[in-house]
Amino acid sequence: MEEAKKLLPIGIENFKKIRSENFYYVDKTGLIRELLENRSEVNLFTRPRRFGKSLNMNMLKDFFEYGCDPELFEGLEIVREKELCEKYMGKFPVISVTLKDVEFNSYETARSALCSAVGGEALHFQFLADSDMLSVREKEQYQNLVKVGKPGQPGFDMTDDVVTDSLRILSELLYKHYGRQAILLIDEYDVPLDKAQRYGYYDQMVSLICRMFSRVLKGNNHLFLAVLTGCLRVSRESIFTGLNNLRVFSIENVQFSTCFGFTDSEVKEMLDYYGFPDRYETIREWYNGYLFGNTGIYCPWDVINYIALLRSEPDVEPRSFWINTSGNEIVRSFLGKATQTTKLELERLVAGESVDKVVNRELTYRDLYGNIDNLWSVLYATGYLTVSEKPRGDVFRLKIPNLEIRQIYVKQIMDWFREETGKDPSPLDSFCAALAAGNAQAVEEGFNAYLSRTISIRDTSARNGMKENFYHGVLLGLLSHREDWAVYSNRESGDGFSDILVESGDGKLGIVIEVKYPDGGDLEKGCRQALEQIDKMGYEEKLRQDDYETVLKYGIACNRKKCKAAVSSVDSV
């Protein structure tokens with residue numbers, strides 16, 4: 001009988017749970033060795049979301065913290081470093097705080113969430129309240145960290161002085177109790193700043209975070225080391241003012257490049273383990289493409305989720321998982337500020353080409369959306385773009401990493417396009433009227449006018465089927481303007497699935513549309529092929545069965561910002 005496979009850790013960021021409950025674990029404990037052998041007092045790791053930052057932080061906590069269970073690390077890379085393990089494993093008090101939930105639409109609620117994050121961690125050290133190593137005053141300081149709010153005011157009740165000094169106080173109290181410096185872990189350090197900028201309380205939050213970080217990280221003799229993670233490298237002038245002991249390890253750095261995300265060999269090993277080695281090329285095309293240092297990296301969230309799908313549906317096609325883990329406001333903001341030049345550059349990116357851009361390695365959140373140049377930097381830092389080669393100074397050759405991220409751009413372009421076209425309904429009325437009248441020339445002119453305003457799929461690496469889907473989507477967006485029409489995409493009819501099927505509300509008019517992106521750009525040939533396919537497959541059959549008086553069959557061929565439309569003879573049913 002075949003041995004049961006390990007479980008897949010979808011969304012699990014708890015290292016102990018993964019190691020003790022038979023989940024598959026991709027060994028990242030080499031991070032511990034690199035961190036200790038190249039130790040800085042304060043270490044900041046910036047990576048896009050869903051690349052294993054939180055799991056790594058939890059792994060560090062389980063390794064360093066007093067009471068460490070050595071069995072959790074059996075068989076992993078770090079146990080081969082016997083001297084390091086003897087000296088550091090289970091030898092420290094560890095303060096571990098995540099700020100990922102400090103994301104509210106007002107300063108008051110965000111500040112309260114920050115107090116709860118720190119106060120909740122302080123509660124893990126309740127023995128400090130009775131420690132013989134602390135003075136009465138120091139015990140009072142501890143009580144101030146875990147003081148709960150008044151009835152009706154959930155959370156922890158801290159004054160500004162207490163909250164800004166909270167992590168420093170906690171590290172000092174732990175040092176006094178154990179006689180050993182503490183390790184501080186702060187996960188998702190930049191989430192509060194991102195939300196503060198979006199909701200208009202940035203200055204207040206920057207001031208609070210800056211004072212908190214400065215007091216705990218600057219000249220704190222009670223810390224052995226601190227590790228912070230986030231998506232963006234925020235300017236020193238923003239929250240790291242005067243912090244000279246900070247080392248930043250971004251996606252550019254060769255050091256630690258394999259510690260976040262999956263490498264090619266790790267993905268192959270995982271696919272072999274679960275019995276899907278034949279899906280390697282598919283996974284590489286969809287979820288690989290990031291360059292961290294000199295190493296090609298896959299998004300682990302996508303790989304794990306897709307393998308989980310394959311285990312239940314072996315023939316399932318890849319899906320976009322990353323897009324559903326948060327909003328994609330960055331791409332939308334990028335589109336909203338795009339100049340004509342930027343739109344042409346975006347066309348090149350969506351088509352699989354690269355663009356050369358100056359990337360600002362340090363930003364403040366206030367600057368992020370200020371101009372289009374900063375947005376290029378943000379798209380790179382957050383994983384919506386990657387580099388195709390090592391940067392030359394501040395000039396980066398940027399590209400879209402893979403097919404999944406390309407779909408995010410296409411979706412956001414579609415949504416943006418619908419918003420833009422909806423601002424002036426008159427051209428939409430004319431376009432739909434021409435379509436209903438069988439006026440192919442007017443349909444062609446109207447569609448061309450819209451294509452000139454949006455971002456096309458250029459004739460490079462994108463497959464024709466993907467290009468057709470793009471124009472298919474644009475047409476669906478235009479047709480959705482007619483609220484009295486039922487518009488169907490890929491609906492079964494005849495011997496196949498028609499691209500677009502339209503039924504008028506009065507039951508008199510039906511429209512079949514087939515979209516082509518012809519090889520070589522021969523639009524007339526594309527229209528002929530589309531109409532021939534409609535007739536061959538009987539796509540109009542559904543409309544005939546429903547007794548529509550008139551059925552119009554359109555073949556629409558597209559190439560970049562050009563289209564041609566042809567309509568077959570009007571059929572009376």
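The values are calculated or read from the model by the stated rules, or taken from the named source; none is laboratory data. If you're wondering where the values come from, they're calculated on a predicted model, not measured in any experiment. Here the Cβ is made from the backbone with ideal geometry for all residues, glycine too, and neighbour counts use every protein chain on show. Ligands, DNA and RNA are excluded from the accessible area calculation, which covers all protein heavy atoms including side chains. Shrake-Rupley method; radii C 1.70, N 1.55, O 1.52, S 1.80 Å.
All of (1) touching a Ser or Thr at 6+ places or on another chain (Cβ under 9 Å); (2) charged (D, E, K, R); (3) not in a helix (DSSP H, G or I) hold for Asp132 with one exception: (1). Gly352 satisfies every condition listed in (1) small (Gly, Ala, Ser); (2) closer than 30 Å to Glu420 by Cα; (3) assigned to a helix (DSSP H, G or I) except (3). The number of residues in the stretch 63-115 that are among the charged types (D, E, K, R) and in contact with a Phe, Trp or Tyr (Cβ under 8 Å, 6 or more places away or on another chain) comes to 2.
Exactly one residue out of Ile12, Ile95, Ile32 is over 18 Å from Gly261 (Cβ atoms), touching a residue at least 40 places away in the same chain (Cβ under 8 Å), among the aliphatic types (A, V, I, L, M) and surrounded by 14 or more Cβ atoms within 10 Å (Cβ to Cβ), and it is Ile95.
In the stretch 36-48, the residues that are of a type in the set (S, T, N, Q) form Cβ pairs under 6 Å with partners that are buried (at least 19 other Cβ atoms within 10 Å of the Cβ) and in a loop (DSSP other than H, G, I, E, B), at six or more places apart or across chains, as follows: Thr46/Arg233. Residues in the stretch 238-250 that are over 14 Å from Ala381 (Cβ atoms) and either open to solvent by less than 50 Å² (accessible area, probe 1.4 Å) or touching a residue at least 40 places away in the same chain (Cβ under 8 Å) (or both): 8 in all.
You will find that of Val102, Val97, Val118, the residue that is part of a loop (DSSP other than H, G, I, E, B) and β-branched (Val, Ile, Thr) is Val102 and no other.
Does Ala308 satisfy the condition of being at pLDDT 85 or above, open to solvent by 20 Å² or more (accessible area, probe 1.4 Å), among the hydrophobic types (A, V, I, L, M, F, W, C) and touching a Pro at 6+ places or on another chain (Cβ under 8 Å)? No; evaluated as a whole, the condition is false for this residue. Say whether the condition of being surrounded by 15 or more Cβ atoms within 10 Å (Cβ to Cβ) and either in contact with a Phe, Trp or Tyr (Cβ under 7 Å, 6 or more places away or on another chain) or part of a strand (DSSP E or B) (or both) is met by at least one residue in the stretch 536-544. Looking for residues that are surrounded by 15 or more Cβ atoms within 10 Å (Cβ to Cβ) and either in contact with a Phe, Trp or Tyr (Cβ under 7 Å, 6 or more places away or on another chain) or part of a strand (DSSP E or B) (or both), one finds none in the stretch 536-544, hence no.
Consider the stretch 510-535 and keep the residues that are in contact with an Asp or Glu (Cβ under 6 Å, 6 or more places away or on another chain) and over 14 Å from Leu435 (Cα atoms). The one that is surrounded by the fewest Cβ atoms within 10 Å (Cβ to Cβ) is Gln533.
Within the stretch 544-555, being in contact with a Gly (Cβ under 9 Å, 6 or more places away or on another chain), at pLDDT below 90 and more than 14 Å from Ala436 (Cβ to Cβ) holds for Arg544, Asp546, Asp547. Restricting Gly67, Gly52, Gly120 to those that are touching a strand residue (DSSP E or B) at 6+ places or on another chain (Cβ under 9 Å), open to solvent by 10 Å² or more (accessible area, probe 1.4 Å) and farther than 26 Å from Gln204 by Cα reduces the list to Gly52. Taking the condition crowded, with 18+ Cβ neighbours inside 10 Å, in a loop (DSSP other than H, G, I, E, B) and in contact (Cβ under 8 Å) with a residue 24 or more places away in the chain, does Asn253 pass? Spelling it out, it is not the case that Asn253 is crowded, with 18+ Cβ neighbours inside 10 Å, in a loop (DSSP other than H, G, I, E, B) and in contact (Cβ under 8 Å) with a residue 24 or more places away in the chain. Ser116 passes every criterion in (1) touching a helix residue (DSSP H, G or I) at 6+ places or on another chain (Cβ under 7 Å); (2) at pLDDT below 95 apart from (1). Of all the residues in the stretch 135-149, those that are open to solvent by 30 Å² or more (accessible area, probe 1.4 Å), within 15 Å of Asp165 (Cβ to Cβ), of a type outside the set (S, T, N, Q) and part of a helix (DSSP H, G or I) number 2.
Scan the stretch 173-190 for residues that are under 15 Å from Met133 (Cα atoms) and either among the hydroxyl-bearing types (Ser, Thr, Tyr) or open to solvent by less than 40 Å² (accessible area, probe 1.4 Å) (or both) and the total you get is 4. On the stretch given as the stretch 355-408, residues that are surrounded by 22 or more Cβ atoms within 10 Å (Cβ to Cβ), assigned to a strand (DSSP E or B) and among the aliphatic types (A, V, I, L, M) total 1.
Annotation note: of Gly275, Gly289, the sole residue that is small (Gly, Ala, Ser), in contact with a Pro (Cβ under 8 Å, 6 or more places away or on another chain) and open to solvent by 10 Å² or more (accessible area, probe 1.4 Å) is Gly289.
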